[in-house]
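Presented below is the structure to which this report refers.
The values are calculated or read from the model by the stated rules, or taken from the named source; none is laboratory data. The structure displayed is predicted, hence computed values, not measured ones. Quick reminder, even Gly has a Cβ in these numbers, built from the backbone with ideal geometry, and neighbours come from all protein chains shown. For the accessible areas, the whole protein counts, side chains as well, though only heavy atoms, and no ligand, DNA or RNA atoms are used. Shrake-Rupley method; radii C 1.70, N 1.55, O 1.52, S 1.80 Å.
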Amino acid sequence: MNYSVAVVIINWNGEKLLKRFLPSVINFSKEAKIYIIDNFSTDNSIQFLKENYSKIKIINLNKNYGYAEGYNLGLKQVREKIHILLNNDVEVTKDWIKP
């Protein structure tokens, strides 16, 4: 069965974490669309993403809503059937999405 999968990462001022951990998500999540919900970062997170990962969908929030509310607001813009929620400090490995 073919599912529509989204990997959704919440971020707030996590440029250093994104630089370190996002490459594994990109490399091992080919079957998913990747989203970053940005909780009104004041570092260079958004600029870093735009310059290095143009295929990632960025959902910008207008203030820092915290973890749960930030996810809830951002997920309203994600249309895939399955949502995989990750923190920005998670490294994934090959075949991590397969059931």
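A few points about this structure:
- Between Lys94 and Tyr67, the FRET efficiency estimated from the beta carbon spacing at R0 = 35 angstrom works out to 0.80.
- Charged neighbours of Arg20, selected by a Cβ distance under 15 Å, balance to -2 (K, R count +1; D, E count -1).
- Solvent-accessible area per residue for the chain (1.4 angstrom probe, square angstrom): 63 Å²
- Neighbourhood charge, 14 Å Cβ-Cβ cut-off, centred on Arg79 and excluding it, Lys, Arg +1 and Asp, Glu -1: +3
- For the peptides 41-52, 8-19, the ranking by mean Cβ contacts within 10 Å, running from highest to lowest, is 8-19, 41-52.
- Net charge of the neighbourhood of Tyr65, taken over other residues with C-beta under 14 Å away and scored Lys/Arg +1, Asp/Glu -1, is 0.
- Whole-angstrom Cα spans of the chain along principal axes, big to small: 40, 26, 20
- Taking a point 7 Å out from the Cα of Lys33 in the direction of its Cβ, the residues of segment 52-67 whose backbone N falls within less than 19 Å of it are 53-61.
- Excluding same-chain neighbours fewer than eight residues apart, the lysines reachable from Lys19 by a Cα-Cα span under 24 Å are Lys30, Lys33, Lys50, Lys55, Lys57, Lys63, Lys94.
- With 0.36 nm allotted per residue and the present C-alpha distance subtracted, the Asp43-Gln77 stretch has 9.9 nm of extension available.
- Using alpha-carbon coordinates, inclination of helix 15-27 to the longest axis of the chain, degrees: 20 degrees
- Rounded percent of accessible protein surface that carbon and sulfur make up, the chain, 1.4 Å probe: 49 percent
- Mean ellipticity per residue at 222 nm, deg cm²/dmol - from DSSP H runs of n ≥ 4 across the chain, formula -39500 (n - 2.57): -9500 deg cm²/dmol
- Residues whose amide H falls under 5 Å from that of Ile36, counting only those 5 or more places apart or on a different chain, are Ile9, Lys57, Ile58, Ile59, with hydrogens built in the peptide plane.
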